[in-house]
Amino acid sequence: MKHHISPAIRLTIALLILTAVIYPLVVAGIAKLAPGGGAGETVSVNGKVVGYANIGQKFTEDRYFNSRPSAVEYNAAGSAGSNKGPSNPDYLKQVQARIDTFLVHNPGVQKSEIPAELVTASGSGLDPDLSPAAAKIQMARIARVRGIPAERLDQLVDEHTKAPLLGLFGPETVNVLKLNVALDAMK
């Protein structure tokens, strides 16, 4: 029995050092190479931080590209989905209300044209990105409200479209905060 305890204790100590010390230091070191040095990528306007590029924010004014809905009201401390399934009557009522609101603010758009991410929250409730299609379906409203040609908005969305990771992993995305900051910067 004694000859089993000593190796078990040594293995436990070795794994503790590996998983509680070495691994976190390696991950923290890699994070320092990411935008924002591992603390998140901030977006600034005139030297003032207006938000984090990796955390969704609420944009509902007609003059801006709307964000994806959030089940946690964009509270990063409470990141979570709604936990309601697609057959839940409360969830369906909430999605229908979002569809109705979207159609009121975007006349000329048909219900079948609305990308799902504009009326459903993400799993974290904090998704900062939309698909290019979800951004472009909002262009007519923004062009009308701001008096900007739709072609210029289309170009702006294309400029802010991020390709999939390594060209393979995930869909194309548009960061809503960065897009809206660029929209405000347009003359």
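The values are calculated or read from the model by the stated rules, or taken from the named source; none is laboratory data. Values in this document were obtained by computation on a predicted structure and should not be read as measured data. For neighbour counting, all protein chains shown are included, and Cβ atoms are generated from backbone atoms with ideal geometry for every residue, glycine included.
Here is a check on your reading of the model: is E41 among the acidic types (D, E) and farther than 30 Å from R144 by Cα? Step through it out loud before you land on a result.
Details: among the acidic types (D, E): yes; farther than 30 Å from R144 by Cα: yes.
Answer is yes for this residue.
Considering only residues of the range 131-162 that are assigned to a helix (DSSP H, G or I) and of a type in the set (K, R), which is farthest from F102 (Cα to Cα)? Quick ask: steps written out before the conclusion?
First, the residues of the range 131-162 that are assigned to a helix (DSSP H, G or I): 132-136, 139-146, 150-159.
So of that shortlist, the ones also of a type in the set (K, R) come out as 136, 141, 144, 146, 152.
Working: K136: 14, R141: 11, R144: 15, R146: 18, R152: 22 Å.
Filtering the range 131-162 for residues that are assigned to a helix (DSSP H, G or I) and of a type in the set (K, R), the one farthest from F102 (Cα to Cα) comes out as R152.
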Subject >> Scan of the range 116-135 for residues that are surrounded by fewer than 16 Cβ atoms within 10 Å (Cβ to Cβ) and either touching a residue at least 24 places away in the same chain (Cβ under 8 Å) or of a type in the set (K, R) (or both), ordered by number >> reply: G123
**OP:** Of the conditions (1) over 20 Å from the mean Cα position of the chain (by Cα); (2) part of a loop (DSSP other than H, G, I, E, B), A97 clears all except one; give me its number.
**Re:** (2)
Original post:
Looking at the range 163-184, is at least one residue farther than 16 Å from A53 by Cβ, basic (K, R) and in a helix (DSSP H, G or I)?
Top reply: no
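One line per residue, one yes/no per condition, for (1) loosely packed, with under 15 Cβ neighbours inside 10 Å; (2) out of contact with any Cys (no Cβ under 7 Å at 6 or more places or on another chain); (3) basic (K, R); (4) under 18 Å from P115 (Cα atoms):
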| residue | (1), (2), (3), (4) |
| --- | --- |
| I137 | no, yes, no, yes |
| G147 | yes, yes, no, no |
| D154 | no, yes, no, yes |
| D158 | yes, yes, no, yes |
| A163 | yes, yes, no, no |
| T173 | no, yes, no, yes |
| V176 | no, yes, no, yes |
| A185 | yes, yes, no, no |
Original post:
Is at least one residue of the range 19-39 hydroxyl-bearing (S, T, Y), loosely packed, with under 12 Cβ neighbours inside 10 Å, farther than 30 Å from P128 by Cβ and not assigned by TED's automatic domain parsing to the domain that holds N180?
Top reply: yes
Subject >> Selected residue (criterion: farthest from L179 (Cα to Cα)) from residues of the range 9-52 that are touching a residue at least 12 places away in the same chain (Cβ under 8 Å) and in a loop (DSSP other than H, G, I, E, B) >> reply: G40
